[in-house]
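Student: Below is the structure I would like to discuss, written out as structure tokens.
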Amino acid sequence: MKLASLRHGRDGRLVVVSRDLKMCVAVPGIAPTLQAALDGWAETAPQLKQVYDLLNNGRADGAHPFDPKDCLSPLPRAYQWADGSAYVTHVELVRKARGAEMPPSFWTDPLIYQGGSDSFIGPTDPILCANEDWGIDFEAEVAVVTDDVPYGTTGADAGKHIKLVMLVNDVSLRNLIPAELAKNFGFFQSKPASAFSPVAVTPDELGGRWRDCKLHLPLHVWLNGETFGEPDAGVDMTFSFAQLIAHAAKTRALAAGSIVGSGTVSNKSGNAGSCCIAERRTLETIELGKPTTPFMTFGDRVRIEMFDAMGHSIFGAIDQHVVKA
């Protein structure tokens, strides 16, 4: 099934969305918000599925047209936002761009940072930035949402805790990253609010494209209307979502509604393009001796979307402009 949060207060109003993303219906009698649904997922999921089936058959009471512009991120704020770097070849390239060596352990031990989750931006909301010189970049990723994950959950058991899948634009301010990481205390100013796709979907909705806790479909990115990249999210993903969740749960439990990101989707060959500007600039430096693609400036537009085998949008599009704060 497909779920979204329409604009309503801080946490949105939960709606069930039709498979074709054309219609939706609010379900206050089941759960007023997506977080409330996740808190009681064992009870709410079957009820939401009944509404989803009725909606797809044109028999849901109160159904009305669905418009992504009316959406907040599926979880407008979350108890946990842990973003990984599951595509290790991407990590290797970006670290090379800033002159940092990559420890061999990165190939065997997942890299995760804890991002700000108190307020996400909507899928069509602007990316606000005070200064173009900060190196404004997008990062197109896949993310999952969990139910309650017990302390010490293993990779073998972690997959069953994945309840929803969605897309994310993990905005990065590249020129602030080196100085911040040099303090050996992680990201903060260089990682402003992220945006998620209008719709989150249950893994079963993805069919055979969801296997081994990876999503095997191209992730399409356009910058100012031109194709920027379309790498396959299931290719070259060194660590699955199950492995990322197990890594996060090694020393803590994860609350229902925790979001775990894949990191920037990247294919080793590079033939399918990139999902962030930093990677393209690194490839240009390797080939040409210097980067030629600039980071985003005010007015630039990024669009991130994924399609099924029939060419239908699965999650709706993240479609954002950069605006001076």
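Student: Mind listing just one residue for me: the one in the stretch 136-172 that is among the charged types (D, E, K, R) and part of a loop (DSSP other than H, G, I, E, B) and, of those, nearest to the chain's Cα centre (by Cα)?
Tutor: D170
Student: Of the numbered conditions (1) farther than 24 Å from M306 by Cα; (2) touching a Phe, Trp or Tyr at 6+ places or on another chain (Cβ under 9 Å); (3) surrounded by fewer than 22 Cβ atoms within 10 Å (Cβ to Cβ), A158 fails exactly one; give the number of that condition.
Tutor: Among (1) farther than 24 Å from M306 by Cα; (2) touching a Phe, Trp or Tyr at 6+ places or on another chain (Cβ under 9 Å); (3) surrounded by fewer than 22 Cβ atoms within 10 Å (Cβ to Cβ), the lone unmet condition for A158 is (3).
Student: Can you name every residue in the stretch 299-325 that is of a type outside the set (G, A, S), farther than 27 Å from K96 by Cβ and touching a Cys at 6+ places or on another chain (Cβ under 8 Å)?
Tutor: Answer for the stretch 299-325, where residues must be of a type outside the set (G, A, S), farther than 27 Å from K96 by Cβ and touching a Cys at 6+ places or on another chain (Cβ under 8 Å): V323, K324.
Student: With a cut-off of at least 2 residues that are in contact (Cβ under 8 Å) with a residue 12 or more places away in the chain and not β-branched (V, I, T), name the strands (runs of 3 or more DSSP E) lying wholly within the stretch 199-313.
Tutor: The strands (runs of 3 or more DSSP E) meeting that bar are 220-223, 226-229, 301-305.
Student: Right, another one. Do we find that P150 is free of Cβ contacts under 8 Å to residues at least 12 places away in the same chain and more than 15 Å from C213 (Cβ to Cβ) in this structure?
Tutor: In short, no.
Student: Looking at T238, T292, can you tell me which residue is hydroxyl-bearing (S, T, Y) and over 30 Å from A158 (Cα atoms)?
Tutor: Among T238, T292, only T292 is hydroxyl-bearing (S, T, Y) and over 30 Å from A158 (Cα atoms).
Student: Right, something else. Please go through the stretch 103-144 and pick out each residue that is closer than 17 Å to Q243 by Cβ and in contact with a Leu (Cβ under 8 Å, 6 or more places away or on another chain).
Tutor: P110, I112, E141, V142, A143, V144, listed by residue number.
Student: Test of understanding: among R211, R252, which residue is within 17 Å of T154 (Cα to Cα) and open to solvent by 60 Å² or more (accessible area, probe 1.4 Å)?
Tutor: Answer to the check: R252.
Student: Same structure, new question: Can we say P178 is farther than 19 Å from A86 by Cα, at pLDDT 95 or above and open to solvent by 40 Å² or more (accessible area, probe 1.4 Å)?
Tutor: Considered against the rule, which asks whether it is farther than 19 Å from A86 by Cα, at pLDDT 95 or above and open to solvent by 40 Å² or more (accessible area, probe 1.4 Å), P178 comes out as no.
Student: So how many residues does the stretch 1-28 have that are assigned to a strand (DSSP E or B) and crowded, with 22+ Cβ neighbours inside 10 Å?
Tutor: Summing the residues that are assigned to a strand (DSSP E or B) and crowded, with 22+ Cβ neighbours inside 10 Å in the stretch 1-28 gives 9.
Student: Something else: Being among the basic types (K, R) and under 16 Å from the mean Cα position of the chain (by Cα), is that true of even one residue in the stretch 234-250?
Tutor: no
Student: What number of residues in the stretch 255-280 are surrounded by 18 or more Cβ atoms within 10 Å (Cβ to Cβ) and either within 28 Å of P150 (Cα to Cα) or of a type in the set (D, E) (or both)?
Tutor: 11
Student: Quick one: how many residues across the stretch 181-198 are of a type outside the set (S, T, N, Q) and either surrounded by 16 or more Cβ atoms within 10 Å (Cβ to Cβ) or part of a strand (DSSP E or B) (or both)?
Tutor: 7
Student: Give the residues of the stretch 121-135 that are of a type outside the set (A, V, I, L, M) and under 21 Å from the mean Cα position of the chain (by Cα), sorted by residue number.
Tutor: G122, P123, T124, D125, P126, C129, G135 - these are the residues of the stretch 121-135 that are of a type outside the set (A, V, I, L, M) and under 21 Å from the mean Cα position of the chain (by Cα).
Student: Look at I177 and say whether it is within 18 Å of the chain's Cα centre (by Cα) and not charged (D, E, K, R).
Tutor: The answer is no for I177.
Student: Test of understanding: among A31, A45, A36, which residue is in a loop (DSSP other than H, G, I, E, B) and aliphatic (A, V, I, L, M)?
Tutor: A31
Student: Just for the stretch 29-51: of the residues that are touching a Gly at 6+ places or on another chain (Cβ under 8 Å) and open to solvent by less than 20 Å² (accessible area, probe 1.4 Å), which one is farthest from A309 (Cα to Cα)?
Tutor: Checked the stretch 29-51; the qualifying residue farthest from A309 (Cα to Cα) is A31.
The values are calculated or read from the model by the stated rules, or taken from the named source; none is laboratory data. Predicted, not measured: the structure shown is a model, and the values here were computed from it. Note that we place each Cβ from the backbone using ideal geometry, even for glycine, and neighbour counts take in every protein chain shown. SASA here: full protein model, heavy atoms, side chains in, ligands and nucleic acids out. Shrake-Rupley method; radii C 1.70, N 1.55, O 1.52, S 1.80 Å.
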